[in-house]
Amino acid sequence: MIAVVDYKIGNLYSISKALERLGEKVVVTDQLSVVSEAEAVVLPGVGSFGKAMENLEKNQMKEAIREAQSGGKPLLGICLGLQLLFEKSKEAPRTEGLSLLSGEVVKLPPTNKVPHIGWNQVYFKKDSPLSQDIPQGRFFYFAHSFYVLPEEPLIVVGICNYNVVIPAIINQDNIWGFQFYPEKSSTWGMKVLESWLRSWKK
């Protein structure tokens, strides 16, 4: 069973339905016990960094997510969910993130059209379980105004270019993150979810 964390502002049901189409049992939850029993945990996208962390703190979900990750469970963050994995964000400077990855979240430069909405190509920087199934330059759907700047460049698996290089796929141990929305990215979005599932399923 995969737990999709409900922090009251996320895009919950499109990702849960996408995973169900791949044959997974999915529970949308804000319950600590469900997260602790799950095989894997997904932090969905949409919303603001500060409000999301406030809601995760309210019901102690922050620590439940951290414990799930430290216990070796696969953890996937999508869009805002990816950003929450980091230490801090310019969107909410006084709010601490989950701090599972070192680095910060910054706003797209004012020279760009913000938000970045639409289809963009993703290029792999290194071999990974995902790059084995997905060719270079496939298009994925983005909708965001902020992006992550990891302290450790080696955790960046894939990038896209939007007049600035945006880390589009992140991986460190059992943590994965997508800046794009796989559930809104048609055939290749489903393929990337399928590849993520295959990367940890026995």
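3J(HN,Hα) along the stretch 131-137, derived from phi through the Karplus expression 6.51 cos²θ - 1.76 cosθ + 1.60 where θ = phi - 60°, amounts to 5, 5, 10, 10, x, 4, x Hz, with x in place of Gly and Pro. Close amide-amide hydrogen proximity is noted between Val46 and Asn11, Leu80, Gly81, each under 5 Å apart and 5 or more residues distant or on a separate chain (H modeled in the peptide plane; Pro and chain starts excluded). In units of the compact-protein estimate 2.2 N^0.38 Å, the chain shows a Cα radius of gyration of 0.93.
Relative contact order for the chain: 18 percent, from Cα pairs under 8 Å spaced at least 6 residues apart, divided by residue count.
Around the amide H of Gly97, modelled in the peptide plane, lie the amide H atoms of Lys88, all under 5 Å away and 5 or more residues distant in sequence or on another chain. Label positions at Glu151 and Ile117, each projected 7 Å from the Cα along the C-beta direction, are separated by 3.5 nm. Computed from Cα atoms alone, the Kirkwood hydrodynamic radius reported for the stretch 1-79 is 12.4 Å.
The stretch 36-127: Rg/Rh from Cα coordinates, Kirkwood Rh? Ratio of gyration radius to Kirkwood radius: 1.00.
Couplings 3J(HN,Hα) for the stretch 99-106, derived from phi with the Karplus relation 6.51 cos²θ - 1.76 cosθ + 1.60 (θ = phi - 60°), are 6, 7, 10, 7, x, 9, 10, 10 Hz, where x marks Gly and Pro.
Per residue of the chain, the DSSP helices (runs of n ≥ 4 H) give a summed -39500 (n - 2.57) that works out to -8000 deg cm²/dmol at 222 nm. Annotation: amide H of Val26 within the under-5 Å range of Ile2, sequence separation 5 or more or interchain, hydrogens built in the peptide plane. Taking R0 as 25 Å, what's the FRET efficiency between Glu24 and Asn59 from their Cβ-Cβ distance, rounded to 0.05? Efficiency computed from Cβ-Cβ geometry: 0.55.
Phi angles across the stretch 78-95 convert, under the Karplus curve 6.51 cos²θ - 1.76 cosθ + 1.60 with θ = phi - 60°, into 3J(HN,Hα) values of 10, 6, 4, x, 4, 4, 5, 5, 8, 6, 7, 9, 5, 5, 9, x, 8, 9 Hz, Gly and Pro given as x.
Read-outs: derived from the displayed coordinates by stated rules, not from any lab. The structure presented is a predicted model; accordingly, all values stated were derived computationally and were not measured. Heads up, the Cβs are rebuilt from the backbone with ideal geometry, glycines too, and the neighbour counts pull from every protein chain shown.
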